[in-house]
Amino acid sequence: MPLKIAGNFRAHTRAALCVGALLIAGCQTAPVGEEAAIQESLYQAAQTAEQTFDYETAINHYNKLAQQNPDSPQLQIALARNLRYSGASQKAVRVLESMGSAKDGNLGYTLELAKAKIGHGKAREAIDLLNAAAPENADNWEIYATLGIAHDLEEDFKSALSAYQKARKLSGDNPAILNNMALSLALSGDVEGAISLLQSAPRLARHSPQIRQNLALFYGIKGDTTAAEALARMDLDEESVQSNLSIYAQLRKK
């Protein structure tokens, strides 16, 4: 019998799915001359800022580059991605939807627009976008992984599981897929299934702190505080461990 999930646990897990959107790499061909050198330096600075989670600086740099190169879909997508990372998903949607014909047939554009719409609370629209792109990109795992997140947010857990399974077939034991699939199982009430999935993940995947701490959460919900505490201590300080254990206890009571 599925375990009943508390409302605040469901909200926590939905938020984790929204945050768990995946990175899309972009590339930019450098122009020629002095201006090219300046733009290349700015582009490198934008990449560094993004990689160090300084999204405000990355947004400023990508915005300048996009204005200087209005026909570059890669720069518009990079700008939108960092807006989404910063929590400004609605602005990201506007940037992407204002792009011209350069977006046509661009899978990176479709994926980023779907993720921005998910972040903006438009999961149903994201599902329609991804389903339209899937037939011509049937070997792209990220389409199905993102579809899984969107279906979860619509509470269509059966469709979400199907999407995650397709993603796993294409990308094996990808930690991001395993993590979101486990969150999906937990959302549907199958906490035992979520634990089993992460327990059976390859050692390399289990090296992910996010996976370890989600597994700790699931053990905490189940009531196995010994396992939850042991996992929590692998990544967190004592104050955070005690705080999490208190949260797990509250979730069990509800």
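The values are calculated or read from the model by the stated rules, or taken from the named source; none is laboratory data. All figures in this text were calculated on a predicted structure; none of them were measured in a lab. Glycine gets a Cβ as well: all are built from the backbone with ideal geometry, and neighbour counts include every protein chain shown.
Say we look at the range 194-203 and pick out the residues that are under 21 Å from the mean Cα position of the chain (by Cα) and not in a helix (DSSP H, G or I); which of these is surrounded by the fewest Cβ atoms within 10 Å (Cβ to Cβ)? The selected residue is P202.
If only one of E112, E97, E125 is of a type outside the set (K, R) and closer than 14 Å to Y62 by Cβ, which one is it? E112 is the lone residue from the list that is of a type outside the set (K, R) and closer than 14 Å to Y62 by Cβ.
Total residues in the range 65-85 satisfying the condition of being surrounded by 16 or more Cβ atoms within 10 Å (Cβ to Cβ) and not hydrophobic (A, V, I, L, M, F, W, C): the figure is 9.
Exactly one residue out of A116, A133, A126 is part of a helix (DSSP H, G or I), over 22 Å from S171 (Cα atoms) and among the aliphatic types (A, V, I, L, M), and it is A116. Selection of the range 224-246 for residues being exposed (fewer than 15 other Cβ atoms within 10 Å of the Cβ) and part of a helix (DSSP H, G or I) yields T226, A230, E238, E239, S240, Q242, S243, S246.
Would you confirm whether any residue within the range 96-104 is buried (at least 23 other Cβ atoms within 10 Å of the Cβ), under 18 Å from Q76 (Cβ atoms) and in contact (Cβ under 8 Å) with a residue 60 or more places away in the chain? No: zero hits.
Got a sec? Which of N179, N214 is crowded, with 20+ Cβ neighbours inside 10 Å, closer than 23 Å to T146 by Cβ and touching a Ser or Thr at 6+ places or on another chain (Cβ under 8 Å)?
That would be N179, the only listed residue that is crowded, with 20+ Cβ neighbours inside 10 Å, closer than 23 Å to T146 by Cβ and touching a Ser or Thr at 6+ places or on another chain (Cβ under 8 Å).
Which of the residues spanning the range 91-113 are touching a helix residue (DSSP H, G or I) at 6+ places or on another chain (Cβ under 7 Å), in a helix (DSSP H, G or I) and not small (G, A, S)? Correct list: K91, V93, V95, L96, K103, L107, Y109, T110, L111, E112, L113.
Looking at the structure I just gave you, is A116 free of Cβ contacts under 8 Å to residues at least 40 places away in the same chain, under 26 Å from L83 (Cα atoms) and out of contact with any Asp or Glu (no Cβ under 8 Å at 6 or more places or on another chain)?
Values: free of Cβ contacts under 8 Å to residues at least 40 places away in the same chain: yes; under 26 Å from L83 (Cα atoms): yes; out of contact with any Asp or Glu (no Cβ under 8 Å at 6 or more places or on another chain): yes.
Judged against the criteria, A116 is a match.
Scan I221, I211 and give me the residue that is in contact with a helix residue (DSSP H, G or I) (Cβ under 7 Å, 6 or more places away or on another chain), touching a residue at least 40 places away in the same chain (Cβ under 8 Å) and assigned to a helix (DSSP H, G or I).
Numbers: I211 fails: touching a residue at least 40 places away in the same chain (Cβ under 8 Å).
Matching residue, one of I221, I211: I221.
Can you pull out the residues in the range 112-130 that are over 22 Å from L183 (Cα atoms) and of a type outside the set (A, V, I, L, M)? Correct list: D128 only.
Criterion first (out of contact with any strand residue (DSSP E or B) (no Cβ under 6 Å at 6 or more places or on another chain), under 24 Å from Y62 (Cβ atoms), surrounded by 23 or more Cβ atoms within 10 Å (Cβ to Cβ) and at pLDDT 95 or above) does L147 satisfy it? Spelling it out, it is not the case that L147 is out of contact with any strand residue (DSSP E or B) (no Cβ under 6 Å at 6 or more places or on another chain), under 24 Å from Y62 (Cβ atoms), surrounded by 23 or more Cβ atoms within 10 Å (Cβ to Cβ) and at pLDDT 95 or above.
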